[in-house]
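Down below is the structure, laid out as structure tokens.
Each value in this text was obtained by applying a stated rule to the coordinates, not by laboratory testing. This structure is a prediction, so every number in the text was calculated from the model and none was measured. Here the Cβ positions follow ideal geometry from the backbone for every residue, glycine too, while neighbour counts run over all protein chains shown.
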Amino acid sequence: MSGDSTGDGHTHHHHAPEVTGNNERVVLVGFLLTFGFMIAEVIGGLLAGSLALIADAGHMLTDAAALALAWAGFRFGRRASDAKRTFGYMRCEVLAGFVNALTLIALVLWIAYEAVQRFIDPHPVLAGPMFVVAVLGLIVNGAVFFMLNRGDTEHVNIKGALLHVVGDLLGSVAAIAAAIVIYFTAWTPIDPILSVLLSALILRSAWALLKNSLHILMEGTPPDIEIEALKAHLVETVPDVADVNHVHVWSITSGKPAATLEVTLGANADAPTISERVKAALAAAYGIRHATVEINWDDKPATCEISAHAHTEEHSH
């Protein structure tokens, strides 16, 4: 069997996306700002009696989690593998995402329960403090958005964090609107109504995170890779590949696909180079930079037999 794409003497973290100090720094500062204000918003929500503020804090928790996972992706992506963890610590990001999703779903259920209770027995809401906290939230989220835009906005982790912050900007605007309505009309049901709408945003993010992290933990095929299309692509584009079987593609962590597969050679195939050529095709077309390629010698053409056995040991790991 041909060895993995890292090759002897190399570690898996070399194939992580390019990490810059600036990316890691802006994401960390964004997380600290978001998480810090989330705590303040929970306190403000409790003091003002506003469930909407607490729900918005819950949405900020999804932002803080997204930023924390992005930072973890940058940080752990640099850590080398060892004898006990041959893929390094990259799965920590996925495990954190899974636990975070379950926590957020529990939070949504609590907010929904509280909203129903407030419809039945309305609570007083202090519009002034609610307005002040919501405005501060808007300022903090705007600052985080500005800071993230100074990073590499094309990086998948930065892009995902930006989308979360945009959602929270909308949540802050909604909380400001609710505070204004309560101040001028004293219609407090707007607070639990808004909390339910914000909870829907949290649930949407949490459900997507739960599905994605569970799919990776179950070693499911990455959503942008179709196995039959991958097999056909290799047969069509890699000379000497007659057939591809026993294909397994999964993700080590988000954006880090890996694969194992078996190839059958065509007549007069250049067997010694087939493994590297298949790996190059996988990397170019699908971003798979960690691949193990096995050659099916049982179905080899007779013309390959002599040269194939001469090079099998050399290209096995």
- line: Once the dipole of the range 12-217 is set up from charges on Cβ (+1 Lys and Arg, -1 Asp and Glu), the residue from the list Ala179, Leu32, Ala96 lying farthest towards its positive end is Ala96
task: Mind sorting Asp240, Asp298 by how few other Cβ atoms lie within 10 Å of their own Cβ, fewest first?
output: Asp298, Asp240
field: Label point distance in nm, Lys159-Ala267, each placed 7 Å from Cα along Cα→Cβ
entry: 4.6 nm
message: Applying a 10 Å radius around every beta-carbon, put 119-129, 173-183 in order of their mean neighbour count, most first.
response: 173-183, 119-129
message: Around Ile120, under 15 Å between beta carbons, what's the net of Lys plus Arg minus Asp minus Glu among the other residues?
response: -2
message: Taking 25 Å as R0, compute the FRET efficiency from the Cβ-Cβ separation of Glu294 and Asp224 and round it to 0.05.
response: 0.55
message: Using alpha carbons only, how many angstrom separate the centre of the range 197-239 from the centre of the range 256-276?
response: 25 Å
query: Using the per-residue mean of other Cβ atoms lying within 10 Å as a proxy for protection, in what order, highest first, do the peptides 209-221, 137-149 fall?
result: 137-149, 209-221
field: Which listed pairs, of Lys159/Lys279; Lys211/Lys256; Lys256/Lys279; Lys211/Lys231; Lys231/Lys279; Lys84/Lys256, have C-alpha distances above 22 Å, in listed order
entry: Lys159/Lys279; Lys211/Lys231
statement: Rounded to whole angstrom, the alpha-carbon centroid of the range 23-70 lies from that of the range 113-154 at a distance of 9 Å
